[in-house]
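Peer 1: The structure's right below; bear with me while I get my questions together.
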Amino acid sequence: MENTQATAEETTAPAAERHPEVQTRAGRVRGRWRDTTPPGSGPRGHLRSAAFLGIPFAEPPVGERRFAAPVPKAPWEGVLDAAEFGATAQRGDPGVTLIPEPSIDGDSTLNVNVYTPVIPGEEGTEGSGLPVLVYIHGGGYFAGSPASPWYDGRNFTRDGVVTVTISYRLGFDGFGWIQDAPSNRGVRDWLLALEWVQQNIAAFGGDPARVTIAGQSAGGGAVLTLLGMERAQHLFHGVYAISGALADVSAERAEAFGRSLAATAGVAPTRAGWSALDQDRVLELQKKATAFEGGDMSSIVEDGLPLGPSVDGELLLRPTPESLRAGVGSGKPLVLGATDDEFTMAMGDAAKALRWVPTGMLLGKLGVAKPVRRAYLAANADVVAKGKARLAGRVLTDRMFRLAILRIVADRGTAPTWVYRFSWPSGTFGFAEHCLDVPFFFDCLDGPAMVPLAGPNPPQALADEVHRAAVAFIAAGDPGWTRYDRDGIARVFDTPSRDQPDAYASVRPLQEG
């Protein structure tokens with residue numbers, strides 16, 4: 001990214017041809033006008049939007065700042081050209097999802113991307129105080145990139161929503177326990193990015209009093225973590241959690257993992273010790289320490305992730321479910337849901353071997369208690385008929401994602417909560433796998449790398465519906481279907497979609513186990 005002054009030609013060019021500029025608190029930034037999706041079957045509005053990419057919200061987390069809390073970006077002079085994505089915390093291609101999430105080299109990894117249909121005061125635009133979406137990418141808290149073309153906010157801006165995607169430190173740099181370093185550095189990055197939004201988004205046409213945070217997978221876990229965090233309550237007004245994966249790593253486990261990894265590395269578990277290792281070495285150690293080597297598959301569910309937001313007693317005062325039960329975030333509307341078969345694709349290579357495993361033994365390996373196995377199999381008879389691999393994938397999905405949805409709803413009590421299921425089967429996999437709903441949420445089925453995830457010709461009408469519900473929730477705090485109250489009604493996104501009472505009935509036997 002370059003820090004440049006506007007040229008004489010840009011200054012004197014007609015307004016329609018000039019690049020949009022915005023004055024932030026730290027300095028002026030120059031973006032680019034772009035077209036949105038042309039009129040079609042979905043909700044349409046603005047046909048032009050501005051993109052400001054790679055705006056730093058913090059100083060680069062390198063050198064003495066590597067394992068420190070984020071420091072707000074110092075003011076700059078001139079105009080910062082925001083035409084390209086900034087550096088990403090992700091390095092290389094971890095290969096953990098089917099979402100195209102490029103890695104970009106550089107030190108200034110703490111940055112935001114802003115997409116807006118209006119610049120207050122800009123000739124040819126009108127309106128301000130638009131609702132705001134802040135999206136946090138997933139990737140297991142160790143991977144992912146805000147530079148994905150799928151996260152481009154052009155079609156949210158088309159529908160009158162200012163969109164922001166944020167970056168944060170990943171893996172051990174972001175979440176690892178270090179004796180003399182601030183805890184939850186990645187969480188602190190989220191907080192500072194959201195503070196940047198509060199301070200600057202009005203200059204981009206957004207309303208800081210109408211901010212919805214959303215994310216998928218680890219990003220969904222991130223927004224649920226923020227929902228249960230007292231310190232974050234003033235930074236957002238609604239939450240949309242897509243396949244949320246909470247970490248809530250205990251303080252004891254975080255410290256044990258940090259000490260063990262330092263011992264393996266041969267360094268002291270301190271900032272000085274870890275600073276002696278370059279990033280590639282830390283990534284190598286982290287990958288080996290978190291690799292799943294097989295054995296009891298239920299350990300994935302029981303133990304969770306060793307790197308992620310930890311209950312440190314400072315930012316996270318208690319596990320998120322306890323905070324929700326205590327009423328934290330109860331005044332904020334929440335939408336949450338999952339795909340029907342999040343992790344079934346992980347069982348594809350095991351299909352032949354699982355054919356010979358007795359069903360009871362398989363369920364035991366996956367952590368399903370004996371007293372509930374019969375009821376669970378009866379409630380999932382349609383999946384059982386498709387073979388052991390499909391059954392194993394459904395159990396993993398239920399225990400890691402869908403059971404958590406029922407628990408979060410119960411924890412929130414009467415707080416305004418809406419639930420969905422994404423059930424449309426991918427044309428590639430034949431079921432609704434992890435990440436499948438993301439391009440429907442962003443209405444970007446015309447984006448790259450779509451066939452490996454969704455197959456050829458995924459239904460645009462369904463993308464219109466999913467995206468329209470998201471826009472409605474961001475704009476007015478209601479996605480347009482019945483709240484999940486006593487009847488357990490959820491929206492089932494499929495072709496056709498429907499509102500279904502007790503839509504997660506097939507998961508309920510696990511609540512008894």
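The values are calculated or read from the model by the stated rules, or taken from the named source; none is laboratory data. As the structure is a computational prediction, the values presented were derived from the model and not from experiment. As a convention, Cβ positions derive from the backbone with ideal geometry for all residues, glycine included, and neighbour counts pool all protein chains shown.
Peer 1: Check TRP274, TRP190 and return the single one that is under 30 Å from ASP340 (Cβ atoms) and either without any contact (Cβ under 8 Å) to a residue 60 or more places away in the chain or in a helix (DSSP H, G or I) (or both).
Peer 2: One residue alone meets the criteria, TRP190.
Peer 1: Find all pairs meeting these conditions: Cβ atoms under 7 angstrom apart; at least six residues apart or on different chains; first residue within the range 406-418 and within 14 Å of GLY488 (Cβ to Cβ); second residue of a type in the set (Lys, Arg).
Peer 2: Between residues of the range 406-418 that are within 14 Å of GLY488 (Cβ to Cβ) and residues that are of a type in the set (Lys, Arg), the close pairs are THR417/ARG483; TRP418/ARG483.
Residues are listed down the side, and each one gets a yes or a no for (1) out of contact with any Cys (no Cβ under 9 Å at 6 or more places or on another chain); (2) modelled with pLDDT of 95 or more; (3) in the same structural domain as ASP152 (by TED's automatic domain parsing); (4) in a strand (DSSP E or B):
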site	(1), (2), (3), (4)
PHE52	yes, yes, yes, yes
ILE55	yes, yes, yes, yes
PRO70	yes, yes, yes, no
TRP76	yes, yes, yes, no
GLY86	yes, yes, yes, no
THR97	no, no, yes, no
SER108	yes, yes, yes, no
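Peer 1: Name the pairs whose Cβ atoms lie under 7 Å apart, with the first residue in the range 359-383 and assigned to a helix (DSSP H, G or I), the second surrounded by 14 or more Cβ atoms within 10 Å (Cβ to Cβ) and β-branched (Val, Ile, Thr), and 6 or more positions between them or separate chains?
Peer 2: If the second residue must be surrounded by 14 or more Cβ atoms within 10 Å (Cβ to Cβ) and β-branched (Val, Ile, Thr), the pairs left are LEU363/VAL395; TYR376/VAL368; LEU377/VAL384.
Peer 1: Any idea how many residues of the range 427-452 are crowded, with 16+ Cβ neighbours inside 10 Å, in contact with a Leu (Cβ under 6 Å, 6 or more places away or on another chain) and at pLDDT below 95?
Peer 2: 1
Peer 1: Between GLY244, GLY220, which is touching a Ser or Thr at 6+ places or on another chain (Cβ under 8 Å), surrounded by 23 or more Cβ atoms within 10 Å (Cβ to Cβ) and assigned to a helix (DSSP H, G or I)? Please lay out each step first, then the result.
Peer 2: On the way: GLY244 fails: assigned to a helix (DSSP H, G or I).
Only one candidate passes the filter, namely GLY220.
Peer 1: Then there is this: Output the residue which, of all residues in the range 147-189 that are among the β-branched types (Val, Ile, Thr) and out of contact with any Leu (no Cβ under 6 Å at 6 or more places or on another chain), is nearest to LEU261 (Cα to Cα). Working first, answer last.
Peer 2: Just the residues of the range 147-189 that are among the β-branched types (Val, Ile, Thr), to begin with: 157, 161-166, 178, 187.
Then drop every residue that is not out of contact with any Leu (no Cβ under 6 Å at 6 or more places or on another chain), which leaves 157, 164-166, 178.
On the way: THR157: 44, VAL164: 34, THR165: 31, ILE166: 28, ILE178: 10 Å.
Step by step, filter the range 147-189, then rank; the result is ILE178.
Peer 1: Looking only at residues that are touching an Asp or Glu at 6+ places or on another chain (Cβ under 9 Å) and small (Gly, Ala, Ser) in the range 481-513, which one is modelled with the lowest pLDDT?
Peer 2: GLY488
Peer 1: Do you know which residues across the range 311-330 are closer than 15 Å to THR417 by Cβ and in contact with a Ser or Thr (Cβ under 7 Å, 6 or more places away or on another chain)?
Peer 2: THR320
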